[in-house]
Amino acid sequence: TLTTARYVFDFAEGSMDQKDLLGGKGANLAEMTRLGLPVPPGFTIGTTACRAYLENGDLPPGVADEITEHLGRLEATMGRRLGDPADPLLLSVRSGAKFSMPGMMETILDIGLTDASVQGLAKHSGDDHFAWDSYRRLLQMYARTVLDVPDELLQAAVSTEYAQWGVGTPEELPAEAIERACTALKRAIADYAGRPFPQDPLEQLDLAVRAVLRSWSTERARLYRRQEHIADDLGTAVNVMAMVFGNRGSDSGTGVAFTRDPASGATGVYGDYLQNAQGEDVVAGVRNTVPLAQLAAIDPVSDVELRTAMSTLERHYRDLCDIEFTIERGRLWILQTRVGKRTAAAAFRIAVQLVDEGLITLDEALLRVNGAQLGQLMFPRFGEDHDVPVVAHGVAASPGAAVGIAAFDSAAARRFWDEGLQVILVRRETNPDDLPGMLASVGILTTRGGKTSHAAVVARGLGKTCVCGVDTLTVDPVARRAVTSDGVVIEEGDMLSLDGLAGVVYRGEVPVVASPVVEYFEGRLELSKSDDLVRAVDRLLRHADARRVLGVHANADTPADADRARRFGAGGIGLCRTEHMFLGERRKLVERLVLADGAAEQEAALEDLLQLQRADFVGIFRAMAGLPVTVRLIDPPLHEFLPDLTDLSVRVAVGRATDAPDPEAERLLTAVQRMHESNPMLGLRGVRLGIVIPGLFAMQTRAIAEAAAAVTAEGLEVYPEIMVPLVAGEAELRLVRNEIESVLADVAASTGCVVATRIGAMIEVPRAALGAERIARSADFFSFGTNDLTQLTWAFSRDDVEASIFPRYLDAGIFAVSPFESLDVEGVGRLVGIAVAEGRKGNPDLVIGVCGEHGGDPASIAFFAGAGLDYVSCSPYRIPIARLEAGRAAV
Ligand code: ADP
Ligand code: MG
Ligand code: MG
């Protein structure tokens, strides 16, 4: 391991395990150097330097000396001096954080070129065009990244030459024209910055290093980190390496390669290559690349060498690798590798392929996929049966079926998104500034660039549909329209459909069908008739089931939901809410219950509700025969089932004013006013309802018990569990438990059927977590209601804060993710830990689960598994996700 007493490390010193210190890029460059792959030599300034820079606004003392020392060694190795006027060594200065942030930070190439050394480079290489083109690139990159010179000024400096020579790219200019462009660029720089472009190569290097460090903190980098949940204080490493040149003519070039298809996961090498090009030309998608397959024809020797390197890397990393390479006059150089990003489908396919190839175990395969990816595969896709016209084809860059209206820039996309519309962002190409618009869109369409373009990479990372390189489409962002080569016009606001799996663009709204994975889960698709993706998902889920200790139950309120949950692999129902059983037609019965004049009328109302509830439970118990069903007694305040206070007041007022009083409305209004609470969330609800309204819980218990007896009589096994919501202390639970037990005994006596029924408490009030030991003495089980527990722990009213407060909180980094999305481990998680420990002290047989929405959230599931819960319960569609995550938590 490397010492942290130093800041700078040679590539030959590090390894791939040192991403914390060397960043991902640096660690992998070191690893490839160790593997003997052709990596240009260089050194890495560790992230510790960046962290110090972030804290103090300057590099720590000593870093400069270390850089000088390593540079000296690099110069000796290369036999050339940085910026030597006769034969200059040139350097690239590259960002590289622990977690890859593609295109978010800066890299500067060709450091070391000056008015003098450009002549030396020209002379030594015998290629004026190449030398001036490299200088032009340095000036542009330096201006942009070190000085923040606006693009327009830089464009203006070269466009005069374009116009004069009638060309569109700098590569097409003759050397003397590029030389003039360089003069114009230097003038633009001096005008803008108030001082000339530095002619001292060491000063260039120093400023470039600082610019890379600063690029960690740009707005777009922060936004990306927030999106990807990457901590803001990790900092980036800086890699300084000898330049190699892909821009030395047609026997040179640069490219990106993947060892498998990152979109589909199909085997076989895959990528893009661009002749006579340097650096970002490929990734930026500015010029049209050729598929990597054509390299064999262009440069067979380098092609074989590249394929060998690719297979070495894939076997070494035991995973899909993506590689950046450059060929300089027939000589291959590898400039970067990393374990490649991939789509969800590719992740599942590749994980299983690698198992079959003997490279990884099934346990490892389980760790190569995750619940979020499985969630993406469960999204619907386009159906075949429609006549929406195809208007263009492009590169299938990120799968999915996106339907939305066209927006031609980021601002428009945000605007539509604010209005609640689905948006397709249409651009020539995207750059990091388009990120806000990409986040606001369901799909991204670009007319240039391949699968490795910025748009494609970012879209895959975000799980958004993307079709790129749609070169038959011409976009005019100023006029806010696009035209196909056949003359079809797409205006802003027009409906588009993007098929990210096939790379097809439709003008109009294509109907969407279910995913084959869901079809399979639902039993409508046989495994033998499905493709390898469904088989891969099935295989990994089975392995997860075999591994996991954590049970997965469903939140399901109806027989239909229960049925789906079962097919998706639920081991029971962890939360059956009874509220919907009071809605619709049945509202009237609640009104009667609330308005009842005396016990007789109240009992009659309860009796009617009993009949209906019993029928509901019968349906659910049948669907879940053999598995536990946890029924939560009524939770929300009763007034939620009554008419709206304002509507009623109006009705009453109108009746009175028109001399046609409405006695029913008057009576209801009195009741609604009586039950009105200024803060219902903290009022008469949950266990409190059962204690205050006599007969309510008894009626529900009777409905459950009688239904259980009836279904048992049909010969089915029933395991009902009765869950009491909003319990805060043992006395509440004990009181309600006594009532429940006496009803159970009563029903057992009258039906002659004893159904073992567990009684437990929902733990959703901080007081309950803190008093768990005593509550557990009266409980057979606990189930954490983490939604309320989060609300009450943070004092957040979810309905109010999510729109008004959270965007700002997330912006300000107060939390990285909403505590309603992922469990707040530090606060709410602590309460969970206390309740588990104390609860088991009070009752060693206590069964503990969670039924809040966090039960389906991958990060939270890992926490619950670690906290020793018995099961999580989540909505039916999240069950496969939870099964997978529970399996991952167990390996
Ligand atoms: P990013 O992290 O955005 O991919 P990189 O640091 O990888 O940025 O740099 C972008 C591109 O610059 C690389 O893909 C490579 O083509 C080019 N590049 C970087 N270093 C060198 C080098 N030493 N010689 C030639 N090209 C280089
Ligand atoms: Mg790169
Ligand atoms: Mg609750």
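Where a number appears in this text, it was derived from the coordinates with a stated rule and is not lab data. The model shown is predicted, which means the values in this text are computed figures rather than measured ones. Counting neighbours? That spans all protein chains shown, and the Cβs are built from the backbone with ideal geometry, glycine included.
Length gain on complete extension for the stretch Val549 to Ala293, per 0.36 nm per residue less the alpha carbon to alpha carbon distance?
87.5 nm
What value in Å³ per residue do you get for the convex hull of the alpha-carbon atoms in segment 379-513?
So the per-residue hull volume is 87 Å³.
Relative to the longest principal axis of the C-alpha atoms of the chain, give the angle of the C-alpha long axis of helix 599-623, reported between 0 and 90° and rounded to the nearest 10°.
Helix 599-623 and the main axis of the chain meet at about 50 degrees.
Over all directions, the average projected area of the alpha-carbon convex hull for segment 1-141 comes to how many nm²?
It is 9.4 nm².
Evaluated at 4 °C with a viscosity of 1.567 mPa s, what Stokes-Einstein diffusion coefficient in µm²/s does segment 657-748 have when Rh comes from the Kirkwood expression over alpha-carbon pairs?
It comes out at roughly 81 µm²/s.
Using the alpha carbon gyration tensor of segment 253-339, what are the three equivalent-ellipsoid semi-axes (square root of 5 times each eigenvalue), largest first, in whole Å? Present the calculation step by step, with values, prior to reporting the outcome.
On the way: eigenvalues 73, 42, 28 Å².
Rounded to whole Å, the semi-axes are 19, 14, 12.
Going by average Cβ neighbours within 10 Å, how do the peptides 336-343, 350-357 rank, with the highest at the top?
336-343, 350-357
In whole Hz, with x marking every Gly and Pro, tabulate ³J(HN,Hα) for segment 482-494 from phi via Karplus 6.51 cos²θ - 1.76 cosθ + 1.60, θ = phi - 60°.
9, 10, 7, 5, 8, x, 6, 9, 10, 9, 4, x, 6
Using Cα atoms only, what is the angle between the long axis of helix 151-165 and the major principal axis of the chain, expressed in degrees (0 to 90) to the nearest 10?
50 degrees
Using alpha carbons only, how many angstrom separate the centre of segment 180-208 from the centre of segment 350-390?
49 Å
Enter the angle in degrees (range 0 to 90, nearest 10) between the Cα long axis of helix 201-214 and the first principal axis of the Cα atoms of the chain, meaning the one along which they spread out most.
Long axis of 201-214 versus the principal axis of the chain: about 10 degrees.
Quick check on segment 480-626: of the DSSP beta bridges with both residues there, what percent are antiparallel, nearest 5%?
The antiparallel fraction comes to roughly 80 percent.
Which ordering of Lys123, Lys19 is given by a fewest-first count of other beta-carbon atoms within 10 Å?
Working: Lys123 14, Lys19 23.
Ascending number of Cβ neighbours within 10 Å: Lys123, Lys19.
Give me the three principal axis extents of segment 455-570 from the C-alpha atoms, as integers in angstrom, largest value leading.
That gives 57, 30, 28 Å along the principal axes, largest extent first.
So what is Rg over Rh here for segment 371-442, counting just Cα atoms and using Kirkwood for Rh? Display every interim value, and only then the final one.
On the way: Rg = 13.6 Å, Rh = 13.8 Å.
That ratio equals 0.99.
Once you put a point 7 Å from the Cα of Glu172 and another 7 Å from the Cα of Ala12, both along the Cβ direction, what distance in nm separates them?
Each label point lies 7 Å from its Cα, and together they span 4.6 nm.
Can you give the FRET efficiency to the nearest 0.05 for Val692 and Arg656, using r as the Cβ-Cβ distance and R₀ = 22 Å?
For R0 = 22 Å, the calculated efficiency reads 0.10.
Using 0.36 nm times the number of residues separating Arg524 and Arg830, minus their current alpha carbon distance, what extension gain do you get?
105.9 nm
Can you grab the distance from the C-alpha centre of segment 677-722 to the C-alpha centre of segment 524-573, Å, no decimals?
After rounding, the separation between the Cα centres reads 29 Å.
By counting other Cβ atoms within 10 Å of each Cβ, how are Cys466, Cys874 ranked from fewest to most? Provide the component values of the computation, followed by the final result.
Details: Cys466 33, Cys874 27.
By the 10 Å Cβ count, ascending, the order reads Cys874, Cys466.
List the equivalent ellipsoid semi-axes of segment 8-241 in whole Å, largest first, each obtained as the square root of 5λ for an eigenvalue λ of the Cα gyration tensor.
The equivalent ellipsoid of segment 8-241 has semi-axes of 30, 22, 16 Å.
Contour minus end-to-end for Val478 and Glu741, with contour as 0.36 nm per residue of separation and end-to-end as the Cα-Cα distance?
On the way: separation 263, 0.36 × 263 = 94.68 nm, distance 7.28 nm.
Residue separation times 0.36 nm, minus the Cα-Cα distance, leaves 87.4 nm.
What is the fewest-to-most order of Met762, Met141 by other Cβ atoms lying within 10 Å of their Cβ?
So the residues, fewest neighbours to most, are Met141, Met762.
For segment 125-155 and segment 1-76, write down the distance between their C-alpha centroids in whole Å.
The two parts, judged by their Cα centres, are 26 Å apart.
Under 18 Å between C-alpha atoms is the cut-off here; go through the chain and count lysine pairs that meet it, provided they're at least eight residues apart or on different chains.
8
Under 15 Å from a point placed 7 Å out from the Cα of Arg586 along the Cα-to-Cβ direction: which residues of segment 642-658 have their backbone N that close?
642
Run the simple label-point estimate for Glu509 and Ser217 please: 7 Å along Cα→C-beta, distance reported in nm.
Reported label-point gap for Glu509 and Ser217 is 4.7 nm.
Once the cut-off is 15 Å, how many percent of the Cα-Cα pairs in segment 82-190 end up in the long-distance tail?
Result for the distance tail: 64 percent.
From the gyration tensor of the Cα coordinates in segment 114-168, what semi-axes in whole Å does the equivalent ellipsoid have, largest first, with each one equal to sqrt(5λ)?
In descending order, the three semi-axes are 22, 17, 7 Å.
Nearest 5 percent is fine: what portion of the DSSP beta bridges confined to segment 8-241 is antiparallel?
Values: 16 of 17 bridges.
If I count the DSSP bridges inside segment 8-241, around 95 percent turn out antiparallel.
So for the pair Ala266, Ala560, with labels modelled 7 Å out along Cα→Cβ, what separation do we get in nm?
That separation, rounded to one decimal, is 3.9 nm.
When the label point is put 7 Å from the Cα of Asp494 along its Cα-to-beta-carbon vector, which residues of segment 465-487 have a backbone N closer than 14 Å?
472-477, 479-487
How high is the relative contact order of the chain, given as a whole-number percent (alpha carbon pairs under 8 Å, six or more residues apart)?
Details: 1846 pairs, mean separation 77.3, N = 891.
Across the chain, relative contact order equals 9 percent.
Taking θ = phi - 60°, what integer Hz values does the Karplus form 6.51 cos²θ - 1.76 cosθ + 1.60 yield along segment 821-830, in sequence order, with x for Gly and Pro?
Rounded to whole hertz, the list is 8, 10, 4, 6, 4, 5, x, 4, x, 5.
Let me check the size of the chain from its C-alpha atoms; what are the radius of gyration and Dmax in Å?
Rg and Dmax of the chain, Cα atoms, are 32.9, 107 Å.
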